[in-house]
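Undergrad: Dropping a structure here in structure tokens format, bear with me for questions.
The values are calculated or read from the model by the stated rules, or taken from the named source; none is laboratory data. Nothing here was measured: the structure is a model prediction, and the numbers come from that model. Because the Cβ atoms are built from the backbone with ideal geometry, glycine has one as well, and the counts that use them run over all protein chains shown. Ligands, DNA and RNA are excluded from the accessible area calculation, which covers all protein heavy atoms including side chains. Shrake-Rupley method; radii C 1.70, N 1.55, O 1.52, S 1.80 Å.
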Amino acid sequence: MNSYQKNNASLITIEGNLEHITYFNKETQYTVARLKPPHLAGGVIVVGYLAGVRPGETLIVKGNWQTHPKYGQQFKIYSYEVSLPAAAEGIRTYLASGIIKGIGPSLAERLVAVFGTQTLEIIENAPDRLVEVEGIAKAKSDMIQSAWKEHHTLRELMQFLQEMGVQTSYCTKIYKEYGPEASDLIREDPYVLAEDFAGPGFTIADTIARKLGVEQEAPQRVRACIRHIIMQNADEGHTFAEAENLFSRCENLFQISRRTSQKAIDEMVAAKVIVVEPIENGDTTSAIYMKDLYLAETGLANRLKAMLSLPQEPAAIDADRISKAIHEKLAINLSAEQLQVLEQVFSHRIVIITGGPGTGKTTLLRSISTIFENQGKRVLLCAPTGRAARRMAEVTGRKTGTIHRLLGYNFTAGGFLRNRDNPLDADAVIIDEASMVDTPLMYHLLAAVPVSAVLVLVGDIAQLPSVGPGNVLSDMIDSGLIAVFYLNEIFRQDTQSAIILNAHKVRQGESPLCTNPNGFDGIGDFYFIEQPDPDQVAAGIVQLCRDELPAKFNLDPIHDIQVLTPMHRGPVGTINLNQLLQKVLNPQPVLMEALGNSFKTGDKVMHLINNYQKEVYNGDIGIICRVDRQKSEISVDYYGRTVLYATNELDQLTTAYAISVHKSQGSEYPAVIVPLVTQHYVLLQRNLLYTAMTRGKKLVILIGTRKALHIALKNDKPHRRLSRLAARLSSDI
């Protein structure tokens, strides 16, 4: 239920003439205008989504009064309709205003002279009759018909969505996808929205379908519900849905019987939309996959098995030669543990190296690539995110890139340019931050890696798993089929870091120790601030970012400090914290708004999806360097590269003063602030706290309650991800 439905009874209705449009965003239809009600001396400023309206039209708007901090009292529109004139004189004036392209004052006069009060109805329903008017030939008639349709279609779609209880902010996207036939297409089958619009598509579709009278167990609804549940599971990190759970959710959430669900599943299997795989000795009888995820998981398992099936000759290299080569090339003295790993690594086709912060993963990564190059091998280095790839390049001094860029993207045909038929030119591929790589991406990468190449994965399995579906690194380790090397020794220089020592304590479920429990001294690098009230935690974070950390640690509040929080909602969720921090850290005026976000020049923003064309990926953080309201564009600087966003692309951006811990994976920041409150109980997990703490390079501050901290430390049983990769690797399925 949206805000319009909830407040419908208390909405105010105003009718008036649309005098002037002050601001109009053609991509979102967001409008600021002046409405002149009759018998009212002054006009009313109205704001909201108005599609296909022009000055001179009479509008009936419903909404509520609000006070803007800069512009004063405004009327916020929740719904509207255009009141077309009924009298001949009103119709003549309406058409003479130029609202319909091709009709001016003279032609408006002749139209009304012929058709009178039926003029608008003729244009709408019988445009062929327009040739009865002097001066209108067939071509002119077609042009008027097209202009009328263009003027009214988007408006009719918006009004239709309003009647269905759908937020009008989605209107333009739907219109762009389906064109002038959008309303008819949706009426015919609302569930096309579920397939074409990720995220809110199913909810919008089901809302419309039920209002249109679609039966509860109509086949198209049942199929959409099943697809929605499987896709929800994928959003939660699972590669499949358990059959029993799916039947239960269909029944409890959507009132669909098991028998009806089973019939729909059978039809979807026959149509090759989903795959059902029996499970023996499990908690459920079968696993239900979307076909693409099934192909990714099985394809990944088969590729790994194929690589492992090729013999790898034992490397003719010993500890002394390794130590000498690394010292000469990198001026590094390797530890006994690192030497032991390096002696064995080169005897395996696939290798996993894992360990916590300060255990030398980066040194091993540099050493391995150096030895490969000394052997004349072609080595490719990559990471799942742009941030991780940049950091990898900095520490190795070698060219690196994201996995997406390495594989390339075919904008014409879709999919990656590099694949089994066009493999990467490499003898060895090294992946850093491998715990972040999900099942589909790892499948595409390994499809492009030559089967004879060596694969080295470096990562920390104690961190959060990938945002996307699957549990690839852990599953590969659990299979017992792949060589795994664990790094445990913390290097001497890193034992001086309270961040690293406390991260290892948290990893073991122990309470972290504070550098100075009495307050900030500008010297220590780890602090816990006890604050029991969530609102005060939020206020404390604002004070830390705005005042204390810049003053005592010489930190830039926008570039150097990153707030990481487990949740999006609540006083210390990303939504509220971003609003608070934006207000104090960037007091410039709001220049553009979209889907709950307000954007200003100088804002820190984060990109939310993989956009291959822009070469910007999920989680990349940049700074808004320019907002052009006339062109309806925002320019964002990503590490010296400017990327343009049209207003219909702003759903790909969000403010990033505070981000989720999941989105921070693969990144490092000079300073990290982490709120811990019991309201986040569901997400208080040890691996989440550990991941957040290991993002900070110079300073980590936890702020909240000891109780929330202890909940997180004790919760070492994060939600089990449903994946069959480990089973496929260790058996013949």
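Undergrad: Suppose every K and R has +1 on its Cβ and every D and E has -1 on its Cβ; what is the size of the dipole of the chain about the Cα centre, in Debye to the nearest 20?
TA: Using only the charged Cβ atoms, the result is roughly 940 debye.
Undergrad: In addition: Roll a 1.4 angstrom probe over the protein heavy atoms and tell me the percent of accessible area of the stretch 400-469 that is carbon or sulfur.
TA: On the stretch 400-469, the fraction of accessible area on carbon and sulfur atoms equals 50 percent.
Undergrad: To the nearest 0.05, what FRET efficiency results for Arg259 and Gln232 with a Förster distance of 22 Å applied to their C-beta separation?
TA: With R0 = 22 Å, the Cβ-Cβ based efficiency is 0.45.
Undergrad: Taking every Cα atom in the stretch 559-698, find the radius of gyration and the maximum pairwise distance Dmax, and write them in Å.
TA: In order Rg, Dmax, the Cα atoms of the stretch 559-698 give 15.0, 48 Å.
Undergrad: What is the chain's relative contact order, in percent, from Cα pairs under 8 angstrom and six or more apart in sequence?
TA: 9 percent.
Undergrad: Which of the peptides 65-71, 235-241 is most tightly packed, and how do the rest follow, judged by the mean count of other Cβ atoms within 10 Å per residue?
TA: 235-241, 65-71
Undergrad: For Tyr669, Tyr78, give me the order by solvent-accessible area with a 1.4 Å probe, most accessible first, ignoring ligands, DNA and RNA.
TA: Tyr78, Tyr669
Undergrad: Counting other Cβ atoms within 10 Å, keep those with at most 13, restrict to DSSP loop, and tell me which GluC sites (Glu not before Pro) in the stretch 104-188 are left.
TA: Glu134
Undergrad: On each of the three principal axes of the Cα atoms of the chain, give max minus min coordinate, whole Å, ordered largest first.
TA: Taking the Cα atoms of the chain, the three principal extents are 101, 63, 49 Å.
Undergrad: Right, here's the next one. With the contact rule set at Cα under 8 Å and sequence spacing of 6 or more, what percent relative contact order holds for the stretch 547-642?
TA: 14 percent
Undergrad: What's the ranking of 358-369, 323-334 by average number of surrounding C-beta atoms within 10 Å, highest first?
TA: Final packing ranking: 358-369, 323-334.
Undergrad: Then there is this: Across the Cα atoms of the stretch 170-328, what radius of gyration and what greatest pairwise Cα-Cα distance (Dmax) are found, in Å?
TA: 23.1, 77
Undergrad: Sticking with this structure for a sec: On average, how much accessible surface per residue is there in the chain, in Å², for a 1.4 Å probe, leaving out ligands, DNA and RNA?
TA: 45 Å²
Undergrad: For the stretch 678-733 and the stretch 167-212, what is the centre-to-centre distance using only Cα atoms, to the nearest Å?
TA: A separation of 37 Å, based on Cα centres.
Undergrad: Something else about it: For the stretch 574-625, with only Lys/Arg (+1) and Asp/Glu (-1) charged at the beta-carbon, what is the dipole magnitude about the Cα centre, in debye rounded to 20?
TA: Dipole about the Cα centre, nearest 20: 140 debye.
Undergrad: Right, next: To the nearest 0.05, what FRET efficiency results for Asp628 and Lys583 with a Förster distance of 30 Å applied to their C-beta separation?
TA: Rounded to the nearest 0.05, the efficiency is 0.80.
Undergrad: Using a 1.4 Å probe over the heavy atoms of the protein chains, calculate the carbon and sulfur portion of the accessible area of the stretch 294-397 as a whole percent.
TA: 48 percent
Undergrad: Assuming 1.002 mPa s and 20 °C, estimate D for the stretch 239-388 with Stokes-Einstein, Rh taken as the Kirkwood radius over Cα pairs, in µm²/s.
TA: The diffusion coefficient I find is 108 µm²/s.
Undergrad: What percent does the relative contact order of the stretch 225-378 come to when contacts are Cα pairs within less than 8 Å and at least six residues apart?
TA: 17 percent
Undergrad: In what sequence, highest mean first, do 567-573, 425-431, 32-38 appear when ranked by Cβ atoms within 10 angstrom?
TA: 425-431, 567-573, 32-38
Undergrad: Report the one residue of Ala656, Pro670, Ile623 whose Cα lies farthest in the direction of the positive end of the charge dipole of the stretch 577-724 (charges on C-beta: Lys and Arg +1, Asp and Glu -1; origin at the Cα centre).
TA: Pro670
Undergrad: Another one. On a 0 to 90 degree scale, rounded to 10, what angle separates helix 361-374 from the longest Cα axis of the chain?
TA: In the chain, helix 361-374 runs at an angle near 80 degrees to the longest axis.
Undergrad: Restricting attention to the stretch 71-176, which trypsin sites (Lys or Arg not before Pro) occupy a DSSP loop and are surrounded by at most 16 other Cβ atoms within 10 Å?
TA: Passing both the DSSP loop test and the Cβ count: Lys101.
Undergrad: Further question: For the charge dipole of the chain, defined by +1 on Lys and Arg C-beta atoms and -1 on Asp and Glu C-beta atoms about the Cα centroid, which residue among Leu381, Thr601, Leu688 has the Cα displaced farthest towards the positive pole?
TA: Most positive-ward Cα: Thr601.
Undergrad: Compute the angle between helix 138-163 and the longest alpha-carbon principal axis of the chain, please, reported from 0 to 90 degrees and rounded to the nearest 10.
TA: 60 degrees
Undergrad: In debye, nearest 20, what is the charge dipole magnitude of the stretch 169-285 about its Cα centre with +1 on Lys and Arg Cβ and -1 on Asp and Glu Cβ, if you could check?
TA: Dipole size: approximately 360 debye.
Undergrad: Please give the helix 336-345 orientation as an angle from the longest Cα principal axis of the chain, in degrees from 0 to 90, rounded to the nearest 10.
TA: Helix 336-345 sits at roughly 70 degrees to that axis.
Undergrad: May I ask you to compute the full-extension gain from His710 to Gln375, defined as 0.36 nm times their residue separation minus their alpha-carbon distance, rounded to one decimal in nm?
TA: 115.6 nm
Undergrad: When the Cα centres of the stretch 620-665 and the stretch 363-417 are compared, how far apart do they sit, in Å?
TA: 25 Å
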